[in-house]
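Trainee: Structure below; questions to follow.
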Amino acid sequence: MNEYLQEIRALTMRWVRRLSREKFSMLFTLVQPMLFWLIFFGNLFQRAADPQVTQAPNYISFLAAGVVVMTVLNNGLAGGVDLLFDKENGFLERLMSTPINRTSVVLSRFLFVTTITCLQVLVILGVAWFFGVEAVTGLPGIAVILLISMLFGVGLTAISMALAFSVKSHGDFFSVLGFLSLPMIFLSSALVPLQAMPAWMSMLAKFNPMTWAIDAVRSLILSGWAEALPKVGMVVMIMLVFDAICLYGSARAFRRAMG
Amino acid sequence: MSRAVAIETIKLRKTYGTLAAVDDLTFQVYAGEVFGLLGPNGAGKSTTLRILITLLRPTSGQAIVLGHDVARDADLVRRLIGYVPQERAIDRFLTGREHLLLLADLYHLPKDEAQRRIPELLKLVDLEARADQPAKTYSGGMKRKLDIACGLLPNPKVLFLDEPTLGLDVQSRLRIWDYVRQLKARGITIVMTTNYLDEADQLCDRLAILDGGRIRAMGSPAELKAGLGGDIVSLTIGAEDAGRIEALATALRVLPMVRAVTAKPSGLDIRVESSEKALPAVLEAANRTSCRLELVDYHRPRLDDVFVAHTGHAIRSEFPETEE
Ligand SMILES: Nc1ncnc2c1ncn2[C@@H]1O[C@H](COP(=O)(O)OP(=O)(O)OP(=O)(O)O)[C@@H](O)[C@H]1O
Ligand SMILES: [Mg+2]
């Protein structure tokens, strides 16, 4: 057990160290492009978006939940990239030739990605607060938002790692990611509420776990516990199933790749 | 005298689809020796090594390292071995020292042991001065040295080196040969792959010649050369007569003193009982088929002749080496 902790700590610190070395990427990680979404689109569409449709006092308070979950999506789906590079340059092989628990490398990645995601979510909520969006459920609500982010992030990171272990080249990796992420965003309630979508679209959006996450986060920010609790219960259940499926798939891909 | 066996493989086989990357490998490595796997690109050297270090499961057959089955007791085996992969397995953003610190934790070394060994290893591979700079600032040879330090960190009983000198300059190659000899003197068993004949000849106590996934010959370099017997007569034939090389080979093959003839792009290698007795007949045959000889050379068998004799082709083309 001690050895397991030693490995995971060392491997997680490696990701932290790398991030601190890559100054440019650190800037982009912490001042996430998603922030610009919030600031620019939030203010830009202020006039265009109809509060009757968004059911929110202003567009930025509507958008905040979407931006939170989009951040989780982006981070999660990109979570496997570094493992992909490790696999391609042989570093992964070096790590796996040491007497570590087979799960340590993957686990360190989950830890790292989840931590970064939570920090970013906090930054986004902070910026939203600066623009006058205050979560009506207060700090406990924010804790629940972080929980939902973690649950969604784990499944997404698992998808990304599964992809990293299975693809032949990293071109494939990025094209599959691009293919996944845009429809995930547009077929969700990130930018527009379901009621404002054409029927077929809102149908599809209902099958998107992201929609459920956004609706729960949004009611935690805008509506209060009475409306939020059932949604939170629902999304936790959906996320547990989603995570189970993703983790199963990624464990299989890992075992196939690592022999 | 029977020697302690460090590694044993029995009918080892690994297939990718229909391709047998290694097939029917049975060999033993004795404790304390330098054992070489010599073969051209794609021969199956890295595949064999990956099975021995537990990263690949054999399709069939068995491999035992220091008494432990690599498939069943993978974790035990990993605690006893060090590995230097063929590709430079380096994280560009970490410094040399950070690589070693990371691996010290992965090998679960106690703190004080890590503190003692890491400077020692950096000194051994001559990287002390650059130890705290990120690896992306290292030259290829320095990365290779860091690779080797990483492989030595766990103080392994058996060290696996995959093409340790590929792409290095002459000095660095000689340095690494020196390290290998030092390690051997410390009692470490070393298994290395190479496609350099001189490296195999100079460094390995015993070697297996691998081609197309199979072992074609095995023994010490001296045994392998002696096993061939006789002499090698090498003919270099003028480019304008290249079309007649085949005819000359046919004429030579029927001579009683000729054992084997191998064509090269620029001429022929002829294995004979004794060069003194064979030379007149060889020259006469060249005359008869009107091949103009640019150079005639004869020598005792070398490792490249052994390779050709067992595989039917040269280990690499005679074109200048291209660096990867
Ligand atoms: N993952 C893989 N999938 C399919 N084929 C593979 C795989 N790995 C190796 N091979 C094939 O197995 C054969 C042996 O490969 P291996 O890497 O062991 O060769 P090698 O002797 O190390 O060559 P080199 O000198 O180029 O390093 C090659 O034909 C190679 O194409
Ligand atoms: Mg190889």
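The values are calculated or read from the model by the stated rules, or taken from the named source; none is laboratory data. Values in this document were obtained by computation on a predicted structure and should not be read as measured data. No Cβ is skipped: glycine too gets one built from the backbone with ideal geometry, and neighbour counts run over all protein chains shown.
Trainee: Take the range A:140-159 and flag every residue that is under 26 Å from A:N43 (Cα atoms) and either small (G, A, S) or at pLDDT below 95 (or both).
Mentor: Answer for the range A:140-159, where residues must be under 26 Å from A:N43 (Cα atoms) and either small (G, A, S) or at pLDDT below 95 (or both): A:G141, A:S149.
Trainee: So in the range B:60-96, with the set limited to residues that are closer than 30 Å to B:A131 by Cα and polar (S, T, N, Q), which one is farthest from the other protein chains (Cβ to nearest Cβ)?
Mentor: Top of the filtered list is B:T95.
Trainee: Also: Can B:A104 be described as away from ligand 2 (no atom under 16 Å from the Cβ) and among the small types (G, A, S)?
Mentor: yes
Trainee: Answer yes if at least one residue in the range B:117-127 is of a type outside the set (S, T, Y), surrounded by fewer than 17 Cβ atoms within 10 Å (Cβ to Cβ) and at pLDDT 95 or above, and no otherwise.
Mentor: Yes, the range B:117-127 contains a residue that is of a type outside the set (S, T, Y), surrounded by fewer than 17 Cβ atoms within 10 Å (Cβ to Cβ) and at pLDDT 95 or above.
Trainee: What's the total number of residues in the range B:154-175 that are surrounded by 23 or more Cβ atoms within 10 Å (Cβ to Cβ) and either assigned to a loop (DSSP other than H, G, I, E, B) or at pLDDT below 90 (or both)?
Mentor: Going through the range B:154-175 one residue at a time, the tally reaches 2.
Trainee: Here's something else I'd like to know. Please find, within the range B:18-41, the residue that is nearest to the chain's Cα centre (by Cα) out of those that are loosely packed, with under 14 Cβ neighbours inside 10 Å and near ligand 1 (Cβ under 7 Å from one of its atoms).
Mentor: Only one residue tops the list, namely B:N41.
Trainee: B:K123 versus (1) more than 9 Å from every other protein chain (Cβ to nearest Cβ); (2) more than 30 Å from the chain's Cα centre (by Cα); (3) in a helix (DSSP H, G or I): which is the lone unmet condition?
Mentor: Condition not satisfied by B:K123: (2).
Trainee: Out of the residues in the range A:90-132 that are assigned to a loop (DSSP other than H, G, I, E, B) and touching an Asp or Glu at 6+ places or on another chain (Cβ under 8 Å), state the one that is surrounded by the fewest Cβ atoms within 10 Å (Cβ to Cβ). Even if it seems obvious, please write down each step before you answer.
Mentor: Taking the range A:90-132 and keeping what is assigned to a loop (DSSP other than H, G, I, E, B), we get A:90, A:97-103, A:131-132.
Checking the rest, the ones that are also touching an Asp or Glu at 6+ places or on another chain (Cβ under 8 Å) come to A:90, A:99-101.
On the way: A:G90: 17, A:P99: 19, A:I100: 24, A:N101: 13.
Filtering the range A:90-132 for residues that are assigned to a loop (DSSP other than H, G, I, E, B) and touching an Asp or Glu at 6+ places or on another chain (Cβ under 8 Å), the one surrounded by the fewest Cβ atoms within 10 Å (Cβ to Cβ) comes out as A:N101.
Trainee: Now a separate question. Consider only pairs whose beta carbons are under 8 Å apart and that are at least six residues apart or on different chains; among these, list those whose first residue lies in the range B:86-98 and is in the same structural domain as B:P134 (by TED's automatic domain parsing) and within 11 Å of B:L146 (Cα to Cα) and whose second residue is within 16 Å of ligand 2 (Cβ to nearest atom) and among the small types (G, A, S).
Mentor: Between residues of the range B:86-98 that are in the same structural domain as B:P134 (by TED's automatic domain parsing) and within 11 Å of B:L146 (Cα to Cα) and residues that are within 16 Å of ligand 2 (Cβ to nearest atom) and among the small types (G, A, S), the close pairs are B:R88/A:G90; B:A89/A:G90.
Trainee: How about the range A:47-68: which of its residues are farther than 16 Å from A:S223 by Cβ, of a type outside the set (D, E) and in a loop (DSSP other than H, G, I, E, B)?
Mentor: Of everything in the range A:47-68, those that are farther than 16 Å from A:S223 by Cβ, of a type outside the set (D, E) and in a loop (DSSP other than H, G, I, E, B) turn out to be A:R47, A:A48, A:A49.
Trainee: Answer yes or no: is there a residue in the range B:234-256 that is touching a Phe, Trp or Tyr at 6+ places or on another chain (Cβ under 9 Å), at pLDDT 85 or above and on the phi < 0 side of the Ramachandran plot.
Mentor: yes
Trainee: What helices (runs of 4 or more DSSP H) completely inside the range B:225-312 contain at least 2 residues that are surrounded by fewer than 16 Cβ atoms within 10 Å (Cβ to Cβ)?
Mentor: B:245-253, B:275-288
Trainee: Among the numbered criteria (1) part of a helix (DSSP H, G or I); (2) away from every other protein chain (no Cβ under 14 Å), which one does A:K87 miss?
Mentor: For A:K87, the failing item is (2).
Trainee: Tell me, please, whether a residue that is within 16 Å of ligand 1 (Cβ to nearest atom), within 20 Å of the chain's Cα centre (by Cα) and not hydrophobic (A, V, I, L, M, F, W, C) can be found in the range B:57-79.
Mentor: No, every residue in the range B:57-79 fails to be within 16 Å of ligand 1 (Cβ to nearest atom), within 20 Å of the chain's Cα centre (by Cα) and not hydrophobic (A, V, I, L, M, F, W, C).
Trainee: Something else now. Filtering the range B:42-91 down to residues that are within 16 Å of ligand 2 (Cβ to nearest atom) and among the small types (G, A, S), which residue is nearest to B:H108 (Cα to Cα)?
Mentor: Step one: filter the range B:42-91 for residues within 16 Å of ligand 2 (Cβ to nearest atom), giving B:42-53, B:55-56, B:83-89.
Next cut, among the small types (G, A, S) only: B:42-44, B:46, B:89.
On the way: B:G42: 35, B:A43: 35, B:G44: 32, B:S46: 27, B:A89: 20 Å.
Ranking the qualifying residues of the range B:42-91, first place goes to B:A89.
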